[in-house]
Amino acid sequence: MGKSTIATSVDRPNLVIYYNDIRSINWFLTTPLTDDTTGDTEVRQKNIPIHPRRRGPSDAVPINVASHSATYLYDPSLKSGNAKPGKYFIIATDNKLGDIEAKRQFTYTGRYMDLQNFLDANIKYYCFLYAEGAGRHSLAPTIGEG
């Protein structure tokens, strides 16, 4: 499962859209998204702070472990579990205004208004947006200035 992060303002969480195939979401958009999960694995290091550790379940006096560095493998495509995060949304083309018919479901995390604003600004066809906990919203492509 891929994901794309869309930056919002500083005081709000970023909008993250999850999909099975990036071509599914990019088909609807004028500006294609890039997949955050593509990339090579890399070895990283982090510092582990001082922390207490018990030597067993009956240890009444834990020992302190000194601060040390740890090396780990970072994999951007790592997935934990099968559940899709966030809330679902569906984009479906408006068949009354054209002969293109498509309907796809995705999930997102973040605020619904950020999702709606992003799709309003980047949609390629006349579509409907159905979202969990929200009504149907009509999306129209932006006509360029000319």
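Brief remarks follow.
- ³J(HN,Hα), Karplus 6.51/-1.76/1.60, whole Hz, each residue of region 116-126, x for Gly, Pro: 4, 5, 4, 5, 4, 7, 10, 6, 9, 10, 6
- Integer Hz, Karplus 6.51/-1.76/1.60 couplings in order for region 28-35, x for Gly and Pro: 8, 9, 7, 9, x, 7, 10, 7
- Derived scalar couplings between HN and Hα for region 36-47 equal 6, 8, 7, x, 8, 6, 9, 8, 10, 10, 9, 9 Hz in order, rounded to whole Hz, by the Karplus curve 6.51 cos²θ - 1.76 cosθ + 1.60 (θ = phi - 60°), x for Gly and Pro.
- Rounded FRET efficiency, nearest 0.05, which uses the C-beta distance separating Tyr72 from Lys124 and R0 of 30 Å: 0.15
- Charging the Cβ of each Asp and Glu at -1 and of each Lys and Arg at +1, and nothing else, the dipole of the chain about its Cα centre rounds to 620 debye.
- For Ala131, residues with placed amide H under 5 Å, excluding near neighbours: Ile90
- Near Leu15, the amide H atoms lying under 5 Å from its own belong to Ile6, Thr8; only residues 5 or more places off or on other chains count, and H is placed 1.01 Å from N.
- Rg/Rh (Cα only; Kirkwood hydrodynamic radius) as it applies to the chain: 1.18
- Listed residue (Thr8, Asn122, Ser80) projecting farthest to the positive dipole end of the chain, Cβ model: Ser80
- Sum of side-chain charges, Pro76 neighbourhood, beta-carbon under 15 Å (Lys, Arg +1; Asp, Glu -1): -2
- Computed over the alpha-carbon atoms, region 27-103 gives an Rg to Rh ratio of 1.29, Rh here being the Kirkwood radius from the mean inverse distance.
- A compact globular protein would have a Cα radius of gyration near 2.2 N^0.38 Å; the ratio found for region 1-67 is 1.98.
- In summary, the lysines within cross-link reach of Lys87, defined as a Cα separation below 30 angstrom excluding same-chain residues under 8 places away, comprise Lys3, Lys79, Lys96, Lys103, Lys124.
- Loop-resident sites, region 38-103, for trypsin sites (Lys or Arg not before Pro), counting at most 13 other Cβ within 10 Å (DSSP): Arg54, Arg55, Lys79
- Choice from Asp21, Asp59, Asp99 with maximal GNM fluctuation in the chain (Cα, 10 Å cutoff): Asp59
- Only Lys, Arg, Asp and Glu carry charge here, each on its Cβ (+1 for the first two, -1 for the last two); on that basis region 85-137 has a dipole of about 100 debye about its Cα centre.
Every number in this text was worked out from the coordinates using simple rules, so none of it is lab data. As the structure is a prediction and not an experimental result, all values here were calculated from the model. Positions of Cβ are generated from backbone atoms using ideal geometry, with glycine treated the same way; all protein chains shown enter the neighbour counts.
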